[in-house]
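Derivation of every value follows stated rules applied to the coordinates shown; laboratory data play no part. Computed from a prediction, not measured in an experiment: that's the story for all the values here. Cβ coordinates were reconstructed from backbone atoms using ideal geometry, including for glycine residues, and neighbour counts include every protein chain displayed.
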Amino acid sequence: MKKIVLIGYMGSGKSTIGKILSEKIAIPAFDLDKIIEEKTKKTIPELFSEIGEVRFRKIEHETLRKFITEKDDYILSLGGGAPCYANNHEFLQLEGIVSVYLKASVKELMQRLENEKAGRPLLASLKETEIEEFIAKHLFDRSYFYHQAKHVIAVDGKKPDHIVSEIESLLT
Ligand code: S3P
C-alpha cells in the first residue's frame with residue numbers, strides 16, 4: 001500500500017511530478033484541486049470569487065480529510081495552500097503516508113509562474129513588479145507548514161524524471 005502526498009508552492013511541479021510518478025510506479029495520481037472542482041462543479045478561480053477563500057479552505061480541508069481517510073493506494077498533489085490551513089499539515093505526518101515537499105526557490109518559482117497567473121486567484125491581480133515580493137513573503141509564511149512533510153526534495157534546475165527518481169528512492 002502506497003500513499004504519497006506531494007506538497008509545495010504554486011508552480012513547484014506537484015501535478016506534473018504526480019503524473020509521471022504515477023506512470024512509473026503504476027499507482028493512480030490525484031489532484032486535490034481537481035477533486036474539489038469536480039465535487040463543486042466550479043473552477044478554483046470561481047470558488048475564490050464566489051464563496052471566498054475562507055470557505056474554499058473549509059471545502060479543501062473536508063475534501064482532503066475524506067480522501068485520506070477513505071483511499072489506499074494513491075499519489076495526491078495538494079494545492080499550494082492546503083498544508084497551511086485547518087491543521088492540514090498534521091495529515092503529512094500520519095503513519096503510512098509518504099509526504100514530500102517539492103522545494104523551489106523564489107527565483108525558480110517566479111520564472112515558472114510568470115506566464116501562469118491567470119488560473120491562480122492569489123496571483124492574478126498582481127503586477128509583474130509585485131510578484132517577486134509576494135512570493136518571497138508568502139513562501140516565508142508557509143515554510144513552517146511545508147517543512148512538516150517527511151521528505152524535502154529541492155527541485156531547482158532539475159528535470160522532472162530526476163525528481164521522480166528521487167521520490168522513488170524514498171519508497172523502497
Ligand atoms: C493555492 C494554490 C492553488 C489552488 C488555489 C490556492 C495557494 O493550487 O489551490 O489557487 O493558496 O497556494 P496550485 O498550487 O496547484 O496552483
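Could you run the Debye sum over the Cα atoms of segment 3-170, one equal point scatterer each and no solvent, and tell me log10 of I(q)/I(0) at q = 0.09, 0.10, 0.20 Å⁻¹, two decimals?
The Cα Debye sum returns log10 ratios of -0.28, -0.35, -1.50.
List, in order, the whole-Hz ³J(HN,Hα) value for each residue of segment 30-45 obtained from phi through the Karplus relation with A = 6.51, B = -1.76, C = 1.60 and θ = phi - 60°; use x for Gly and Pro.
Those phi angles translate into 10, 10, 4, 4, 5, 4, 5, 5, 5, 5, 8, 6, 9, 7, 4, x Hz.
With each label point set 7 Å from Cα along the Cα-Cβ vector, what nm distance links H147 and D73?
A separation of 3.6 nm, rounded to one decimal place.
Provide the per-residue ³J(HN,Hα) series for segment 138-150, in order, calculated from phi with Karplus coefficients 6.51, -1.76, 1.60 and θ = phi - 60°, each as a whole number of Hz, with x at glycine and proline positions.
Residue by residue, segment 138-150 yields 4, 5, 4, 5, 8, 3, 4, 5, 4, 7, 7, 5, 6 Hz.
With equal scatterers on the alpha carbons only and no solvent term, can you work out the Debye log10 of I(q)/I(0) for segment 1-69 at 0.11 1/Å?
Those come out to -0.30, one per q.
Pairs to check: K117/K150; K2/K34; K34/K71; K14/K58. Give those whose C-alpha atoms are more than 24 Å from each other in this structure.
Listed pairs above 24 Å: K117/K150.
At 222 nm, what helix-only mean residue ellipticity would the chain give, in deg cm²/dmol to the nearest 500, using -39500 (n - 2.57) for each DSSP H run of four or more?
-15500 deg cm²/dmol
Considering only the other residues whose Cβ falls under 9 Å of the Cβ of V98, what net charge follows from Lys and Arg at +1 and Asp and Glu at -1?
For residues surrounding V98, the net value is +3.
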